[in-house]
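Participant: Pasting a structure below so you can have a look.
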């Protein structure tokens, strides 16, 4: 498996790539995959959250999956990778939450990345309590494998 991460912030590239790869490995994805990662300000992500979800507040991460099913997804003829979709991270919210939860910014960025990749793979914690518990369990286990547990 090869992971291509198109990110806009060199400070987080390696960490984000590692978190994307750890999530895909955990999920047993063997195909080459590509993920676009964008960093937005609080104001920008607030506007995007309002436009896309009708939620009038800033958020920490938004996920925009490209494929409904990874099994049926077609690889890009040039890269050979499947484009999973885009994630939009808000560094300001990540910093606030890292401080609030008492852990490092790196741990928070890894958590948000794992969370978003799970959404890109079709998990949705807003579909009910069982789905939420399953998604959160997966997040914990992936972060533990990365050595980034709380």
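Bear in mind these aren't lab numbers, they're just calculated from the coordinates by the rules spelled out. Predicted model, so just to flag it, every value in this text is computed and none were measured. When we count neighbours, we look across all protein chains shown, and the Cβ atoms used for this are built from the backbone with ideal geometry, even at glycine.
Participant: Please build a GNM for the chain, connecting alpha carbons under 10 Å apart, and tell me which residue among 89, 25, 118 fluctuates the most.
Facilitator: Of the options given, 25 has the highest mean-square fluctuation.
Participant: When a footprinting reagent is the concern and you count Cβ atoms within 10 Å, what order do 101, 40 take, fewest first? Show your work: numbers first, answer last.
Facilitator: Details: 101 12, 40 22.
Fewest-to-most ranking of 101, 40: 101, 40.
Participant: What number does region 28-150 give for Rg over Rh if you use C-alpha atoms and the Kirkwood radius?
Facilitator: Over the Cα atoms of region 28-150, Rg/Rh equals 0.97.
Participant: Helix 129-145 sits at what angle to the longest principal axis of the chain, using alpha carbons and giving 0 to 90 degrees rounded to 10?
Facilitator: The helix 129-145 is inclined about 80 degrees to the chain.
Participant: Hey, in the GNM for the chain with a 10 angstrom Cα cutoff, which one of 82, 109, 16 fluctuates hardest?
Facilitator: Between 82, 109, 16, it is 82 that shows the largest mean-square fluctuation.
Participant: How high is the relative contact order of region 1-125? Use alpha-carbon pairs under 8 Å, at least six apart in sequence, and give a whole percent.
Facilitator: Relative contact order, region 1-125: 29 percent.
Participant: Give, to the nearest whole percent, the P(r) tail of region 1-63 beyond 17 angstrom, counting all Cα pairs.
Facilitator: Across region 1-63, Cα pairs with separations above 17 Å total 50 percent.
Participant: Turning to a different aspect of this structure: Output the 0 to 90 degree angle, nearest 10, between the alpha-carbon long axis of helix 42-53 and the longest principal axis computed from the alpha carbons of the chain.
Facilitator: Its long axis makes an angle of about 60 degrees.
Participant: Fewest to most neighbouring Cβ within 10 Å: what's the order for 48, 112, 84?
Facilitator: Numbers: 48 19, 112 23, 84 28.
Fewest-to-most Cβ neighbours within 10 Å comes out as 48, 112, 84.
Participant: In degrees between 0 and 90, to the nearest 10, how far off the longest principal axis of the chain does helix 105-120 point, with axes built from Cα atoms?
Facilitator: Value to nearest ten degrees: 50.
Participant: Considering only DSSP beta bridges with both partners in region 1-121, what is the antiparallel share in %, to the nearest 5?
Facilitator: Counting DSSP beta bridges with both partners in region 1-121, the antiparallel share is about 30 percent.
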